[in-house]
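Read the structure below first, then the notes.
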Amino acid sequence: MNILLERICGLFSPLVAVALNMNKGFTTLFFKRETKELLGRNYINLWILLGILFLTFTAIGFSNGSLNYLKMKMEDPFIQFVNIPISQKNVDSVKIVQDTLSTLQNRRYFNYSQVNGYYKFDLYFQNMGNGGIYKRMGRTIEDTNPLINAIFDKSNLIKGRSFSNARDLGVIVTQAFVESLKAEDASHILMYYPKSNDLSRCVSLPILAVVKELPDLCGFAVTPYFYYLKNVDEEGKFPFSPVHTKEFACFVAGDLKNATSFCVELNKFVERNYKGMGGMVSTPRLDSSSYIPGYEVSVSFVPAPDSISFIDSLYQGLRSSAEFAPYNYVLVYNYPKEYADYNSDRFDFLSINFVTLDKIRLFKDTLFLRYGINIDMAQVEAKENYFFVTNLTRLISIILIIFSVLSITFFLTNVLKNHLEKIKMNIGTFKAFGFDDTSLRKIYLSILGLFVGTTMLISLMLSWIFGSLGGIRAILWILQINLQKDENYFELLSSWTLISIFVIILISFIALNKITHKIFAQNPGDLIYDRGRE
């Protein structure tokens, strides 16, 4: 390090000599001698400055990384969304409230972007391991809701896709949900919905995606249209009822070759067990309803079966036959999926997507005064605390940068002042021989400029390597702080770093220039005899 700095000074000293119109040999010797003196005994000043700068840039990188992490969390709709429960007395006016809150004036004033309604409800599902029926809580999410962006963020998505449209009947599930139902590798989950003794059975629902978390601690998410369909009670119109099915159909996971092989085995099975019933196996049809690629294979009979029990028995026959064991397939029902009278004007909750949280308490008070709708104080305080922590972190970062800049400035000015105080007699002698104080000041400022610049560059590189390799993450791990996967909490390449470098250079130059001016402005006699200035 010290050799590198001395060589850099040796390269730059001729340039300084030319700029100051001084003897190159003298300037080179002066540079070399004074550089060694300023570096201190055993280069202690070099190591101290290097350490201060390294800690400074590491702290700046950590501050930047922390602010970026908080910014990411603050912009995450999981955090930005405020949920408003709709009481029974407000349920009829919820659409009016939603439309009023959605006006541009309100959105701009309270800093939120969108107002969405949703339902939260329970469904029953079959465990694919033990066959038991279990209740799980879920919610609705529109396909255009900003919350979708957070759910399908790369940090939360495990596999799959979002809703294809507003009437998609697929299900987004969490990893914990599929694990609890022993459906980790399943293309569909089995929903149990009792309507009557004849209709109470499990029906398959395609899994669209598996994610780490869903809002409201829900296990699954569906479209509002799905929720509407599950509540259709009109006789013969229950959408998920298998009674609409007139042919046997299976979703077969895998490629076309696999589905074709399944068709061959299915055709043999039908001819062997249902001969004379006019059973005809279809060619595989691409089915993209699930996140797992697959094909639909069906069997139609002439005449069509008049009971769903016939289709159930056929499926159970496949399940008990060894030739179908290698295939991943599930029975699907062709229930009707289009209802023109669908509407979604009534909700259990309203969800507000805030851009910033600085006016959330004012929004809470206004909502209560205007509509008599209250928001849980714990929810409001949680948002306010997040907002406060972000601002506090930003303030601490600024204070840390200011402290670091002052530390570096004080150290450099102290090093230069002590050195110049020790060599006052030499400076006086130089001035007596005709050297002007401006040239001498520029020489010292050049030496310290190279000293600071080289050390700063090396410190930046070391700090960047330390942070990029997970040094900050390792420290936080040692302190037993919960860490997010794939997050280094370090960002050195930012505007804050550039501002810090500029401020360090500017403040140091001003302070050093003042120190050199105060000493070099004295006359030779005062410097030689250390008379000081009155």
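Listing for the model above:
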item: Some residue of region 190-204 being within 28 Å of the chain's Cα centre (by Cα), touching a residue at least 24 places away in the same chain (Cβ under 8 Å) and part of a strand (DSSP E or B); result: no
item: Selected residue [in a helix (DSSP H, G or I), at pLDDT 80 or above and within 22 Å of the chain's Cα centre (by Cα)] from G51, G65; result: G65
item: Check on G434, at positive phi and at pLDDT 80 or above; result: no
item: S463 modelled with pLDDT of 80 or more, of a type in the set (S, T, Y) and buried (at least 16 other Cβ atoms within 10 Å of the Cβ); result: yes
item: Matching entry among N165, N149 (being within 18 Å of I79 (Cβ to Cβ) and polar (S, T, N, Q)); result: N149
item: S93 in the same structural domain as S463 (by TED's automatic domain parsing), among the polar types (S, T, N, Q) and at pLDDT below 80; result: no
item: Wholly enclosed strands (runs of 3 or more DSSP E) of region 245-360 bearing at least 1 residues surrounded by fewer than 19 Cβ atoms within 10 Å (Cβ to Cβ) and modelled with pLDDT of 90 or more; result: 285-287, 294-300
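The values are calculated or read from the model by the stated rules, or taken from the named source; none is laboratory data. It should be emphasised that the depicted structure is a prediction, and the values quoted were computed from it without experimental measurement. Positions of Cβ are backbone-derived with ideal geometry, glycine not excepted, and every protein chain shown enters the neighbour counts.
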